[in-house]
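The values are calculated or read from the model by the stated rules, or taken from the named source; none is laboratory data. What you see is a predicted model, and the numbers here were worked out from it, not measured in a lab. Quick reminder, even Gly has a Cβ in these numbers, built from the backbone with ideal geometry, and neighbours come from all protein chains shown. Just so you know, the surface numbers come from the protein's heavy atoms only, side chains and all, with ligands and any DNA or RNA stripped out. Shrake-Rupley method; radii C 1.70, N 1.55, O 1.52, S 1.80 Å.
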Amino acid sequence: MTATVLLIRHAAHVDLNRQLSGRRKGVALTDRGREQAAALGTRLAGRGLTRVECSPLERTRDTASAIAAACGLPQPSPVDALLELDMGDWTGREIHSFGDDAEWRTWNERRGTARIPGGESMREAQTRIVAHLRNVPSRETVAMVSHCDMIRAAVAYVVGLSLDNLLLFDIDPASVTGVAIGDWGAKLLWLNGKNDSGEL
């Protein structure tokens, strides 16, 4: 038996490409982000979604709310397993400030074993999102609105990719990645689907 999970990265927010938001509260969508979220809802309406879930953070909740409203579904359920990586000491830090920082370099080169100072390892993050994916009831089609590296971790599990190679593919804001999962295993259906024509 198979379930379909749409792993959706939240839409564009005020910190995007500028600083590491982590689990910081009050990181709102930009005007462009709200447009992206509304467009996502339009794209996903009629695709048979049975439920919408999201990380508890504002940027994911607002993206998920737009999808649920467009699909005529109840407002999304916040799920801790979809929460952003705990960025620890790096929370709120400007991306340009890292330069050639040794810990930053190690984090990006050795995601399979590295740990964010004061924060979470990629392996821990992968474990929690995969456990949640594996509990989706068969025949459901669930939209899960989460964060870039969380979705990367789930994809790495599905395709058997080492976490050290996590940066070999992109997960863009407001993109949709499809996964089929069941007691037989899991399969990637598509990766980082996005465009303005309504196709995933």
The stretch 1-155 - share of DSSP beta bridges that are antiparallel (%, nearest 5): 20 percent
Degrees separating the helix 122-133 axis from the principal Cα axis of the chain, which is the longest one: 10 degrees
Of the GluC sites (Glu not before Pro) in the stretch 80-145, those whose Cβ has at most 15 other Cβ within 10 Å and which sit in DSSP loop: GLU140
Selection of trypsin sites (Lys or Arg not before Pro), the stretch 1-47, meeting DSSP coil and at most 13 other Cβ within 10 Å: ARG18, LYS25, ARG47
Charge dipole magnitude, Cβ of K and R +1, D and E -1 - the chain, Cα centre, debye nearest 20: 440 debye
On Cα atoms only, tilt of 148-159 relative to the major axis of the chain in degrees: 70 degrees
Added length on full extension, which subtracts the Cα-Cα distance from 0.36 nm per residue, LEU188 to SER97: 29.2 nm
Highest average packing first - 150-163, 54-67, Cβ atoms within 10 Å: 54-67, 150-163
Accessible area (Å², per residue) of the stretch 77-200, counting only protein heavy atoms and a probe of 1.4 Å: 47 Å²
